[in-house]
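Q: Provided herewith is a single structure, encoded as structure tokens, for subsequent inquiry.
Derivation of every value follows stated rules applied to the coordinates shown; laboratory data play no part. In this text the structure is predicted, and so the values were computed from the model without any measurement. Because the Cβ atoms are built from the backbone with ideal geometry, glycine has one as well, and the counts that use them run over all protein chains shown.
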Amino acid sequence: MRIFIGIKLDLAKQLNQVQTIFHEDTKIKWVKENNLHLTLLFIGNIDRDIVPELKQNLETTLSSENTFTIQVQDYGTFIKRRKPGILWLKVHQNDVLESLQSKITKATLKIIPDLNIQHNQYTPHITLARYHHSLKIDPELLNASSNNAIDTHHITEIQIIESKSQPGGVVYNILERISL
């Protein structure tokens, strides 16, 4: 099974807002509303039997963590040559989120020591769409043309989420919840 640790978020308003700007551009594949999330750590393919141990280790590691808030505002893009671009919504960096992500990574490595972790700097974001590399999206223009007010979310838990590819697209199922 393919999993990640993340936070599912209700961002339907922001998704609908940006979709109206692009109308029905066929070069854009939108993320389904119920799949919007903030990834804290992508794990990939693991044996289902590891999930309970991973949950227990995360609960122990995060037992002293408090609930916190994140702020979401502004659009951005990730672009790689000849690969689909990614349109995303920025999660403002904060010390609590950064610390939480680091603790989750360390706790996961105790259970899955051979996990291949990308050592890029963590850029907290919510993917809204993937788009054809020939399409030019200017996030600055997008931010200027939208009524993109700061949206605050109170975070009370993280989730271990399964990512399942199906004929109609990817489906994310919450396997476990870890309260903060």
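Q: Enter the Cα centre distance for the pair region 102-180 and region 19-46, rounded to the nearest angstrom.
A: Taking the Cα centre of region 19-46 as reference, the centre of region 102-180 is 9 Å away.
Q: Now for a different question. Which net charge results when you count Lys and Arg as +1 and Asp and Glu as -1 among the other residues whose beta-carbon is under 14 Å from that of Leu38?
A: After counting each charged neighbour, the total is -2.
Q: Hey, in the GNM for the chain with a 10 angstrom Cα cutoff, which one of Thr127, Thr26, Thr108 fluctuates hardest?
A: Thr26
Q: When the Kirkwood radius is taken over all Cα pairs of region 43-84, what Stokes-Einstein diffusion coefficient follows at 10 °C and 1.306 mPa s, in µm²/s?
A: Answer from the Stokes-Einstein relation: 108 µm²/s.
Q: Mean residue ellipticity at 222 nm from the helices of the chain, using -39,500 (n - 2.57) per DSSP H segment of n ≥ 4 over the full residue count, to the nearest 500 deg cm²/dmol?
A: Working: 4 runs with 47 residues, N = 180.
When only DSSP H runs of four or more count, the value is -8000 deg cm²/dmol.
Q: Return a whole-number percent for the relative contact order of the chain, with Cα pairs under 8 Å and 6 or more residues apart as the contact set.
A: Here the relative contact order equals 34 percent.
Q: Dimensions of the chain along principal axes (Cα, Å, largest first)?
A: Sorted from largest, the Cα extents of the chain read 45, 34, 27 Å.
Q: Suppose every K and R has +1 on its Cβ and every D and E has -1 on its Cβ; what is the size of the dipole of the chain about the Cα centre, in Debye to the nearest 20?
A: It works out to roughly 680 debye.
Q: Where does helix 95-111 land angle-wise versus the long Cα axis of the chain, in degrees 0 to 90, nearest 10?
A: Rounded to the nearest ten degrees, it is 50.
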